[in-house]
Structures are given as structure tokens and as C-alpha cells.
Amino acid sequence: MANDEQILSVSDLNREVRQLFADQFKELWLRGEISGVSIKSGSGHVYFSLKDAKAQIRAAYFHGGERFQSLGLSQGSKVDAFGRVDLFERDGTYQFIVKMLRPLGQGELFQRFEELKQRLAKEGLFDLDRKKPLPPLPRCIAVITSLEGAAIRDFRQILDRRHPNIHLRLVHAPVQGSGAGAWIAKAVEYLSWSKACDVIVITRGGGSIEDLWEFNDETLARAIAASQIPVISAVGHERDFTICDYVADFRAPTPSAAAELVVKTQAEMQESLENAAQRLRSALRLKLQGLKMRWQKADACVFFQRPEALVQSLAQRLDNAALRLPRGLTVLAERSRERQRLLSHRLPQGLNGYLQQRQNRLAQLNGKLAALDPRSVLGRGYSILLRADGRVLRESGEVACGNHVRAILWRGELDLEVKNKEKENGNCST
């Protein structure tokens, strides 16, 4: 075997192939049909295959479970996937790492849907704490839908079977096509303003994303959020989600489910009343038992059996306190006088000590000030020479022969003329 022959391990080979994929293929769009979907509940990763009529490739969409489901994707859905080609080194299989999915032919609508959804979510329109509860038994229900569709028939069928005596207010509205969302928004605003009902139900049957698009209208979403009356959204089928569903107080998958949600059956209401009555009886029994125990304790109390004994005891305590009061005041006064005498003796001593400390401190500061006084240095035979401009003269090179300098002595000053000067190296100059 030749010495220059290179032998790679399987791991090395897969690593180099993976790097080759990274260098050769940048991020790209891939079109295909989804097959073999597997969504991991813990991590939210989605694993599936993208295929066409002649080939297929494994794909992984990390943390994309929620997005995958919100797009309504499933087995057989055709999509455009954006990502990169990668090699799974452990198995030696290559795959497509997905960063974005776009249903084929519906990408722009889904993008607009997601942008509006995220923006309204940041504003808090989907928060649970702003959701309003449903009344236990509404007297009037307003249904906003098309009277020509099947949704109203399904809703009325369930409502008539459960409570046919509930008043139903039907608001005919377009549920599809341009302007339908704004029309429904006006209906919601009117019902909220007029308080004409106890619950508002917005419903229609299923359809494509284009058919349901008006229920993603921002004006409608804000009208539902501002409504003072609880709103139930029952748009499309169970797998259909619109902005109207997210912002409404309750979401029902179908019109029939909305009717079941807004009105309980008579049997359910009867059971709720019986449970409430049972809880009320139990609470009353506990209350009565507590009051009875309090009455028994009060009946056994000495105060109620012999109230004069309590009065006598309090009178005796009052007499004893009256007897102790003069003596206590005398003792207190004596203690106060003794404390005053002690303080009067200690006060001059304390003031003298404090004054002595301050005087010693003042003497120390005076000594330090005198040591720092430049005139005390001049008193030992030194002087300060100033140039004509008033600056201190530190070396002979700062003046020339014939210049005048001023000398400050310990006492008095002199005006001097430079006749000659001597350099630091000992040489003289004139």
C-alpha cells in the first residue's frame, strides 16, 4: 500500500460531503408535495418528505409544528419550501432543512394572514384576560350570517331542540367577497352599542382560504375586540382558523357547536340548578351549625350565667388601681428627681471634657498650619525669587544678566539685578 494513500473514516467522509453540500447549495426554494408527516409533541419538530412524480427528499422543519398546523398543511399538500440542503451525518442520508413553508398558490394570502396575526397578538387582542364570559342563559342571541347558507339552519336546529323559547335575532350579512368583513364589523358595532342581545355569534360554513378571507379583516377583528357583548366565532370547519377565531371570546369549530356552546341543554341546566341547591343547603347547614356552637359557648360563659360577678371583679380591680396610683406617682416623681440630680452633676464634666477635646484638636490644626506656612521656611534663612512677570524663579537659565528679580524674605522684599549667573555644571557665564 502506498504511503501517500489517504484513508478516510465514514465520519470524515460524511462530514466532508456535508460541507460540500453547504458550499455547493445555498438557500433555495423547493416545490413538492408533502408526504409522511410526523410532528413531535415535545420539541415541535416536523419531519416529512417532499416529493414529485419522479423523486422525493426527506425534510425537517425544526420548531415548526405550530406554524405547520396553522397553515392547515397535511398529507398531500403542495407547498413551496425555503431552506438548505444538508446531510445527516449519523445515517449518511441527505435532507432538506426547511426555514419557511408556503402553500402553493396561497403564499401571499398566508403571509398577510401571519403578519396581521402577529401584529394583533402583540397588541394583546388575543389575550385570555380580555375574553368575556358567556351568560348562563342568554335571553337573546344575535346571529350574523348569510340567511341563504346552511350555517343558520344547523344553528337553529340545535337551538330549537335545546331551548326553543330563546329569542333569536338574525342579522343577514355577506360572508364572502370584498367588503364582507367591513359589513360584519358594522353589525358587531351596532349590536354592542345598542345592547340588543346577550351573545353575538358570527358563523358561516367551510371553504377555501379565499372564501374565508374576509374573516381575516383587521376592521372586523378590532370591532370584535371592542365589543361589550361576548362574541362567538364559528367560521368554517374544525381545521379552518381565521383572525376572527383568535380575537373572539370563544371559538366553535362549526355552527352546530356554537349553538351547543351558547345554550346548555335543559338537563344540563337542571343538573346545574340541583348542584347549586345542594351547595346552598350544605352552606346553610354549616352556617347554622357554627351559630349553634357559638350559642352553646355563650350559654356556658360565666358572664351570661353570673354577670354581677364580672362587674364586681372589674370594680375590685378599679379600687386596687386607685389605691396604687398615689404611691406609684410618688415613686415616679422620686425617680425623676434622682435622674435630674445625676444629669446636673454629669453635665459640667461632659461639657469640660468636650471643650478640652476641641481645644486639643484646634492646637493640632494650628501646628499643621504653621508647618505648611511658607513664611516659616523663609524664617530659617531662605528666600523666594520672582521674575519680572511675577512667576517663581526655579533655575538660573530663566533670567539673563541685567534682568531684575524680586526677592521675598521672612521680613521685607528686595529688588535685585542679575550681574552674573552660574550654571548647574559649575561653569559661569556673564
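A short reminder: the numbers here are calculations on the coordinates, not readings from a lab. Computed from a predicted model, the values in this text were never measured in an experiment. Here Cβ is always computed from backbone atoms with ideal geometry, including for glycine, and neighbour counts include all displayed protein chains.
The alpha-carbon of Lys297 sits under 22 angstrom from the alpha-carbons of these lysines, leaving out residues fewer than 8 places away in its chain: Lys287. Extension gain, Asn275 to Leu28: 0.36 nm times the residue separation minus the Cα-Cα distance gives 82.7 nm. Gain on full extension, evaluated as 0.36 nm per residue between Asp12 and His167 minus their Cα-Cα distance, stands at 48.3 nm. Mean-square fluctuations from a GNM of the chain, with a 10 angstrom spring cutoff on Cα atoms, peak among Leu385, Leu351, Leu323 at Leu385. Considering only alpha-carbon pairs that sit under 8 angstrom and 6 or more positions apart, the relative contact order computed for the chain is 8 percent.
Most simply put, the chain has about 65% antiparallel DSSP beta bridges, counting only bridges with both residues inside it.
Shape verdict for segment 5-51, please, from the Cα gyration tensor: rounded (a/c under 1.5), prolate (a/b greater than b/c) or oblate. Verdict is prolate for segment 5-51. Taking the chain as a Gaussian network of alpha-carbon nodes connected by springs under 10 Å, the highest mean-square fluctuation of the residues Cys244, Cys301, Cys197 belongs to Cys301.
Estimated at 0.36 nm per residue, the fully extended path between Asp91 and Met293 surpasses their Cα-Cα distance by 65.0 nm. Remark: the chain carries a charge dipole of roughly 3400 debye about the Cα centre, counting +1 on each Lys and Arg Cβ and -1 on each Asp and Glu Cβ. Diffusion of segment 257-374 by Stokes-Einstein, at 20 °C in a medium of 1.002 mPa s and with Rh set to the Kirkwood radius over alpha-carbon pairs, works out to 86 µm²/s. Over the chain, DSSP H runs of length four or greater, each weighted -39,500 (n - 2.57), average out per residue to a 222 nm ellipticity of -15000 deg cm²/dmol.
Among Asp129, Asp154, Asp245, which one shows the highest mean-square fluctuation when the chain is modelled as a Gaussian network with alpha-carbon springs under 10 Å? Residue with maximal mean-square fluctuation among Asp129, Asp154, Asp245: Asp129. In summary, the lysines within cross-link reach of Lys131, defined as a Cα separation below 27 angstrom excluding same-chain residues under 8 places away, comprise Lys117, Lys122, Lys186, Lys195, Lys264.
Starting from the Cα of Lys54, draw a straight line to each of the lysines and keep only those under 17 Å, dropping any in the same chain fewer than 8 residues away. Filter leaves Lys78.
Taking amide H positions as modeled 1.01 Å from N, with prolines and chain starts lacking one, the residues under 5 Å from Phe88 and 5 or more places away or on another chain are Thr93, Tyr94, Gln95. Mind running the shape call on the chain? Use the C-alpha gyration tensor, a ≥ b ≥ c as the square roots of the eigenvalues: rounded below 1.5 for a/c, prolate if a/b tops b/c, oblate otherwise. Since a/c reaches 1.5 but b/c is at least a/b, the shape of the chain is classed as oblate.
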